[in-house]
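Working notes for the structure below.
The values are calculated or read from the model by the stated rules, or taken from the named source; none is laboratory data. This one's a predicted model, so the numbers in the text were calculated from it and none came from an experiment. Ideal geometry is used to build each Cβ from the backbone, glycine not excepted, and the neighbour counts take in all protein chains shown.
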Amino acid sequence: MKKIDETNRAIIRHLADGRKPYSAIAEELSITENTVRARVNKLMEEGVLQITGLVNPEFFPGLQIVLMGVKLKTLDLGRKAQEFSRLRGVVSAVVVTGRYDLILQVILSEDEGLSLLSFFKKELAKVPEILEVETFVVYQSYNYSVPFIL
């Protein structure tokens with residue numbers, strides 16, 4: 001894994017507002033706009049940085065966020081996390097310590113034909129070697145945003 005230098009860290013901090021112009025970032029950091037652009041492009045190419053719009057799910061009626069703890073019959077956790085990450089509605093799949101092997105973040109919407117039941121029947125059913133799944137439905141959140149993937 002490459003080390004992120006201080007200039008890249010500063011650029012990333014400025015991009016907390018993904019709409020901030022490169023010219024403004026360059027001016028504040030006393031570097032050229034081309035340097036900012038080149039560094040941002042390289043960070044994106046390397047998978048270090050994504051610039052994306054996030055939404056507050058509470059403003060979308062019918063949208064439901066569910067966290068899922070998953071226990072597996074296998075120890076090939078990285079491969080399984082990648083497999084889960086390709087399912088419709090899955091925002092992220094992470095390998096964790098504790099009583100579960102993976103935690104999934106899932107966006108559901110009945111308007112888009114993806115309820116919790118249909119996610120279990122149509123999506124989770126595609127993945128072999130699941131031992132147990134526990135769902136945690138998000139009823140209320142604070143400072144929480146997700147990509148709108150449905």
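Filter the strands (runs of 3 or more DSSP E) completely within the stretch 39-138 down to those with at least 2 residues that are closer than 30 Å to residue 11 by Cα.
90-95, 102-109
Condition check ((1) touching a helix residue (DSSP H, G or I) at 6+ places or on another chain (Cβ under 6 Å); (2) farther than 28 Å from residue 144 by Cβ; (3) in contact (Cβ under 8 Å) with a residue 12 or more places away in the chain) across all residues:
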{"site": "5", "(1), (2), (3)": "no, yes, no"}
{"site": "17", "(1), (2), (3)": "no, no, no"}
{"site": "25", "(1), (2), (3)": "yes, no, yes"}
{"site": "33", "(1), (2), (3)": "yes, yes, no"}
{"site": "37", "(1), (2), (3)": "yes, yes, yes"}
{"site": "48", "(1), (2), (3)": "no, no, yes"}
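Only residues that are of a type outside the set (D, E, K, R), closer than 18 Å to residue 52 by Cα and not in a loop (DSSP other than H, G, I, E, B): list them for the stretch 11-24, please.
Listed by number, the residues that qualify are 11, 12, 14, 22.
Give the residues of the stretch 132-144 that are modelled with pLDDT under 95, out of contact with any helix residue (DSSP H, G or I) (no Cβ under 8 Å at 6 or more places or on another chain) and within 15 Å of residue 92 (Cα to Cα), sorted by residue number.
Matches in the stretch 132-144: none.
Every residue, every condition in (1) touching a strand residue (DSSP E or B) at 6+ places or on another chain (Cβ under 7 Å); (2) free of Cβ contacts under 8 Å to residues at least 24 places away in the same chain, yes or no:
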position: 40; (1), (2): no, no
position: 44; (1), (2): no, yes
position: 62; (1), (2): yes, no
position: 66; (1), (2): yes, no
position: 71; (1), (2): yes, no
position: 77; (1), (2): yes, no
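How many residues does the stretch 91-133 hold that are in contact (Cβ under 8 Å) with a residue 60 or more places away in the chain and either surrounded by 14 or more Cβ atoms within 10 Å (Cβ to Cβ) or within 21 Å of residue 57 (Cα to Cα) (or both)?
Selection size over the stretch 91-133: 2.
Based on what the data block shows, is residue 37 closer than 23 Å to residue 103 by Cβ and at pLDDT 95 or above?
Here the answer is no, as residue 37 does not meet what is asked.
On the given criteria, is residue 136 surrounded by 11 or more Cβ atoms within 10 Å (Cβ to Cβ) and either outside the structural domain of residue 11 (by TED's automatic domain parsing) or more than 13 Å from the chain's Cα centre (by Cα) (or both)?
Yes, satisfied.
Quick check on my filter: what residues within the stretch 8-50 are surrounded by 13 or more Cβ atoms within 10 Å (Cβ to Cβ), more than 28 Å from residue 92 (Cβ to Cβ) and polar (S, T, N, Q)?
32, 35
Name the one entry in 129, 112 that is modelled with pLDDT under 95 and farther than 30 Å from residue 3 by Cα.
Of the residues listed, the single one that is modelled with pLDDT under 95 and farther than 30 Å from residue 3 by Cα is 112.
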